[in-house]
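> Pasting a structure below so you can have a look.
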Amino acid sequence: MPARSSARLDPRQPLVLDVRELGRRPGSMRRVHTEVPAPADLGVEMSAVPPGSPLRLDLRLESVVEGVLASGTVVAQVSGECARCLTPVTGEVTAEVQELFAYPQSATEETTDEDEVSHLVGDLLDLEPVVRDAVVLALPLAPLCREDCPGLCPDCGVALDDLPAGHTHEAPIDPR
């Protein structure tokens, strides 16, 4: 969603939060501890958060002069495949989030570029872009089933762990 979009947010969406109770009183704060389903396409080539799997949010929403500051952590289950042997791997990733959601017509709006700062839409803020950025950046680009994974045999493609010790292939005869 573009930062200055005039589109309406759907308050029923799991990552859209209502901050009305904070008011515009700098210093007021609210903690959010919730679990929401993960949005689709939350991943990189070899690891991803399965769509619909739980995202645990532990956030602090603070009213500041320019808007609402959302900070905290997001914990997600990750699945993928080992970059060396291609076996399935699973795990958990924790991502830190911190984002200022500026009030409409605030000084922040006048002093920043259009996509530099997120904005409140009425009394709602949309955490999906922030969560998406933080979680995707925290995902392993080359996950491993274990640190000492030997990978696959370059000749036959079988996992080296599954082959007997001393596994070899005859060297091809040079046709020259």
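Okay, residues lined up against (1) out of contact with any Leu (no Cβ under 8 Å at 6 or more places or on another chain); (2) modelled with pLDDT under 95; (3) closer than 30 Å to residue 45 by Cα:
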| position | (1), (2), (3) |
| --- | --- |
| 66 | no, yes, no |
| 75 | no, no, yes |
| 78 | no, no, yes |
| 97 | no, no, yes |
| 101 | no, yes, no |
| 109 | yes, yes, no |
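> Filter the range 84-95 down to the residues that are out of contact with any Ser or Thr (no Cβ under 6 Å at 6 or more places or on another chain), open to solvent by 40 Å² or more (accessible area, probe 1.4 Å) and either touching a residue at least 24 places away in the same chain (Cβ under 8 Å) or hydroxyl-bearing (Ser, Thr, Tyr) (or both) and list them by number.
84, 86, 87, listed by residue number.
> What is the residue count in the range 133-166 for residues that are open to solvent by 60 Å² or more (accessible area, probe 1.4 Å), modelled with pLDDT of 85 or more and assigned to a helix (DSSP H, G or I)?
Total satisfying the criteria: 2.
> Got a number for residues in the range 65-83 being free of Cβ contacts under 8 Å to residues at least 40 places away in the same chain and open to solvent by less than 50 Å² (accessible area, probe 1.4 Å)?
Going through the range 65-83 one residue at a time, the tally reaches 5.
> Of everything in the range 19-36 that's open to solvent by less than 70 Å² (accessible area, probe 1.4 Å) and modelled with pLDDT of 90 or more, which residue is farthest from residue 69 (Cα to Cα)?
36
> Separate question: Kindly indicate whether any position in the range 38-60 is surrounded by fewer than 18 Cβ atoms within 10 Å (Cβ to Cβ), of a type in the set (A, V, I, L, M, F, W, C), in contact with a helix residue (DSSP H, G or I) (Cβ under 8 Å, 6 or more places away or on another chain) and at negative phi.
Yes.
The values are calculated or read from the model by the stated rules, or taken from the named source; none is laboratory data. As the structure is a computational prediction, the values presented were derived from the model and not from experiment. All Cβ positions, glycine included, derive from the backbone under ideal geometry; neighbour counts span all protein chains shown. What goes into the accessible areas is simple: the full protein's heavy atoms, side chains included, and nothing from ligands, DNA or RNA. Shrake-Rupley method; radii C 1.70, N 1.55, O 1.52, S 1.80 Å.
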